[in-house]
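Inspection log for the structure reproduced underneath, given as structure tokens.
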Amino acid sequence: MSSVAAATSAFAGPLPLQSIGITPIEASLFVFVLVTAILTALFRDVLASIVIFAAYSLGLAIIYTFYRAPDVGLTEAAIGAGVTTVFLLLTIAKTTRPATDARFESINWPAVGVCGLFVLVVGATLPAFPAVGDPASPILANADVTGYYIANAYAETGAENAVTAVLAAYRGFDTFGEAVVVFAAGIASLLVLGREVFTA
């Protein structure tokens, strides 16, 4: 148990300690994602909506990376901002973009009210989340779980990085499922793109 506690304290030491609450960087990212999501729904021009949607997906990827989930961030950037954007651009290239003088869609105020209420309910739960690097957060305070991984990851898996050990060994089946999803998306993209080239 002493080795587990020592590993936990060594892991928690270098992390930047932040006060509980949302930092300015987090707030800026949340506002960016919210604004791009709203503009994606409001723009009547399809091409503009696709470009803004790609920015929205990229903002989500940055948020995931900021919260130290780079694997999720890379997947969001590849699938959301990459593959999905390519598919949407191919779609409008093969269809007709309707001409319109209006820049924005008309606003459905009852739907806005429902979405606003949902945002308020979800936002009310944000203070319950610990700040990034907070030593009192469950992932750092629970020495029985976190400390075990840190103390035994190299000996049991041979991986020098604890995150790699968790992703590739301790939760290997889950990571394998994620890899299958990304692989299937890549194969589908190649099939669609190959058909487009063949029939062009």
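The values are calculated or read from the model by the stated rules, or taken from the named source; none is laboratory data. Being a predicted model, the structure only gives us computed values, none of them experimental. FYI the Cβ positions are ideal-geometry reconstructions off the backbone, even for glycines, and counts take in every protein chain you see.
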*When residues of the stretch 164-180 are filtered for being touching a residue at least 24 places away in the same chain (Cβ under 8 Å) and closer than 16 Å to Tyr154 by Cβ, how many remain?*
1
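Against the condition at pLDDT 85 or above, surrounded by fewer than 13 Cβ atoms within 10 Å (Cβ to Cβ), under 25 Å from the mean Cα position of the chain (by Cα) and not hydroxyl-bearing (Ser, Thr, Tyr), how does Leu126 come out, does it pass?
no
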*Would you mention how many residues in the stretch 116-140 are touching a residue at least 12 places away in the same chain (Cβ under 8 Å) and in a loop (DSSP other than H, G, I, E, B)?*
6
*Quick one: in the stretch 53-73, which of the residues that are in contact with a Phe, Trp or Tyr (Cβ under 9 Å, 6 or more places away or on another chain) and at pLDDT below 85 is farthest from Gly186 (Cα to Cα)?*
Pro70
*Of the residues that make up the stretch 141-155, is at least one touching a Phe, Trp or Tyr at 6+ places or on another chain (Cβ under 7 Å), outside the structural domain of Phe30 (by TED's automatic domain parsing), touching a residue at least 24 places away in the same chain (Cβ under 8 Å) and over 30 Å from Thr23 (Cα atoms)?*
no
